[in-house]
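Taking it in order: structure first as C-alpha cells, then the write-up.
The values are calculated or read from the model by the stated rules, or taken from the named source; none is laboratory data. Please read all numbers here as calculations on a predicted model, not as lab measurements. All Cβ positions, even for glycine, are placed from backbone atoms using ideal geometry, and neighbour counts span all protein chains on display. Keep in mind that these areas ignore ligands, DNA and RNA; they rest on the heavy atoms of the full protein, side chains included. Shrake-Rupley method; radii C 1.70, N 1.55, O 1.52, S 1.80 Å.
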Amino acid sequence: SGFGTSTLAGGKYLNNRYFLAMDTDCMLMTSTDASTWQVIDLKTVSTSAAVAPPSSSNYCSLPVYRNGKYFVYRGVAGVGGTFNQPDHFEAAYYSSSDGINWTFGTFMLPNGFNKIAQGGREVHELNDTLVMQAVTRIEYTRDTATGGLMAVTKDQQLATSQDGLNWSVTNAIGVTYAATQ
C-alpha cells in the first residue's frame with residue numbers, strides 16, 4: 001500500500017537492501033529481508049530555499065549505489081532567482097546512506113544539457129557506468145515514405161558517470177518517431 005500508481009519500474013538489491021520503484025510516482029519500497037517493507041515518497045523530501053522543486057515530471061530513476069550512498073535521479077530543478085525565472089537549472093537527485101532517510105541535492109548539468117529526457121527515468125546503469133540522456137533540440141519533418149510526421153532529434157547528448165555526481169559528455173545524434181498528427 002502507499003503507491004499512487006500500479007506500474008512497477010523495477011526492483012534492485014543494492015548493498016544488502018531490496019528496492020522496488022514505481023514508474024511515475026518517485027516512490028520506493030525498501031526492505032532488508034524482502035518480507036517487511038517501508039514506503040518512501042521521495043516527492044516529500046524538502047529542497048533548500050534557493051532551489052525550486054524539481055520539474056513537474058514525476059519520473060525518477062531506479063536507485064543506484066555509488067561510494068557508500070544510494071542515489072535516485074529526478075529531472076531538473078531551478079536554482080536561484082525566482083520560481084518562474086531561476087538563475088539556472090541543475091540536475092535534481094536524492095541520496096541516502098541507509099536507504100530510508102533521503103536528502104535532496106542538485107549538481108551542475110554537463111555543458112549543453114538543458115533537460116534530462118523524461119526526468120530521471122532516463123538515467124540508466126550499464127555495468128559500472130551511469131548513463132544520462134538529454135535532448136536539446138528536436139525538429140519535425142515529414143517521413144517521405146509514409147507522409148507521417150517524424151520527430152528528428154537534432155542535438156542529443158549522453159553523459160556518463162562513475163561516481164553518480166561528476167559527469168562527462170558525448171554527443172549522440174539519433175532519430176525517433178513520434179506518433180502524432
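Before we move on, is Ser96 among the hydroxyl-bearing types (Ser, Thr, Tyr) and touching a helix residue (DSSP H, G or I) at 6+ places or on another chain (Cβ under 7 Å)?
Answer is no for this residue.
For region 22-71, how many residues are open to solvent by 70 Å² or more (accessible area, probe 1.4 Å), touching a residue at least 60 places away in the same chain (Cβ under 8 Å) and closer than 12 Å to Gly99 by Cα?
2
Could you name every one of the strands (runs of 3 or more DSSP E) located completely within region 115-172 that has at least 2 residues being at pLDDT below 75?
129-142, 149-161
Can you name every one of the strands (runs of 3 or more DSSP E) wholly within region 8-114 that holds 3 or more residues which are modelled with pLDDT of 85 or more and under 12 Å from the mean Cα position of the chain (by Cα)?
Ranges flagged: 69-79, 88-96.
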